[in-house]
Each structure stands twice: as C-alpha cells, then as structure tokens.
C-alpha cells in the first residue's frame with residue numbers, strides 16, 4: 001500500500017462512462033486532489049466497446065495501481081426511459097461492462113445504488129451537493145464526472161456512517 005494506489009469510481013454507461021479517482025493516502029474534500037473524466041465510447045459493436053473501454057480507462061488512470069473499485073449498481077427504473085433501456089438490453093449491457101471492468105483488477109469492489117448514494121435527486125441537485133462538499137469547483141465538469149466524483153465521495157466519507 002502506498003500513495004501511488006488509487007480508489008477508482010465508475011458511473012457506468014454503454015456510451016459515456018464517468019470515472020473518478022483519488023490517491024488512497026491523499027483523499028480529502030479538496031477537489032484539486034481528485035482526477036475525473038468521461039470516456040466516450042465510439043464503437044457500435046459491444047465487444048469493440050469493451051476493448052475500447054479497457055484502453056481508454058487504463059489511459060485515463062495513467063496505468064496507476066487500483067486498490068479499490070466503486071461502482072454505481074445498475075438498477076431498473078420505472079420511468080419510460082428505464083423501460084426502454086431494459087427492453088433494449090442496455091441495463092444488462094451495463095452489468096456486463098461492470099464485470100468487464102472488475103476483471104481488469106483483482107481488487108475489492110463496492111456497489112451502491114443511485115438511491116443509496118444520492119437518493120432520488122436530479123443532476124442539478126447532485127451538482128449543488130458537490131458544490132457544498134467541495135467548495136470551489138472546476139468550471140467545466142460533466143454530469144457523468146459529477147456522478148463518479150459524488151459516488152466516490154459517498155464511498156469514502158458517507159457510506160461508513162450509513163453502514164454503522
């Protein structure tokens with residue numbers, strides 16, 4: 001264990017995957033110590049998406065050793081959009097992508113449903129929570145990055161209180 005190991009969170013998607021990491025020994029609520037981004041998958045064919053994802057994710061984390069993985073657990077939503085996603089197999093594909101990512105590293109991993117880590121709030125409210133938790137924010141940060149950062153924040157600072 002050392003400062004070069006990271007804790008990596010993933011907001012999974014089949015098209016735009018959000019990621020965030022922080023060095024294990026340096027996590028704080030200083031956003032300047034966190035790295036985050038979105039991986040846009042361009043391939044249409046699913047196996048090619050997985051290969052592209054592996055390459056882009058490894059590049060994003062700069063090949064650093066991963067100590068823990070944190071995922072948003074895929075859930076079926078009752079809204080029309082959720083029914084369409086389920087019917088098209090997207091929710092299952094997201095589950096496969098999570099398994100594929102977990103296969104990169106043989107490390108402990110954690111799942112949190114959206115309900116656990118953010119409740120049923122909008123993206124705008126999640127952004128406002130991020131502003132409260134971190135104070136100053138980068139001007140440009142996308143919704144997938146916000147979710148990955150806040151998922152990791154929940155894992156590091158809030159899940160312990162909930163589970164106790």
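For the subset of the range 16-51 comprising residues that are surrounded by fewer than 16 Cβ atoms within 10 Å (Cβ to Cβ) and under 21 Å from residue 103 (Cα atoms), which member is nearest to the chain's Cα centre (by Cα)? In this case the residue turns out to be 16.
Are any residues in the range 109-133 surrounded by fewer than 12 Cβ atoms within 10 Å (Cβ to Cβ) and either touching a residue at least 40 places away in the same chain (Cβ under 8 Å) or in contact with a strand residue (DSSP E or B) (Cβ under 7 Å, 6 or more places away or on another chain) (or both), and if so, which ones? Hits for the range 109-133 are 113, 115. Here the range 68-91 is the region considered, the condition is being surrounded by 12 or more Cβ atoms within 10 Å (Cβ to Cβ) and more than 17 Å from residue 147 (Cβ to Cβ), and the residue that is modelled with the highest pLDDT is 68.
Listed by position, the helices (runs of 4 or more DSSP H) contained in the range 115-164 that have at least 3 residues being at pLDDT below 90 and at negative phi are 123-134, 159-163.
The values are calculated or read from the model by the stated rules, or taken from the named source; none is laboratory data. Everything numeric in this text was worked out from a predicted model, so none of it was measured. So basically every Cβ, Gly included, is an ideal-geometry build from the backbone, and we count neighbours across all protein chains shown.
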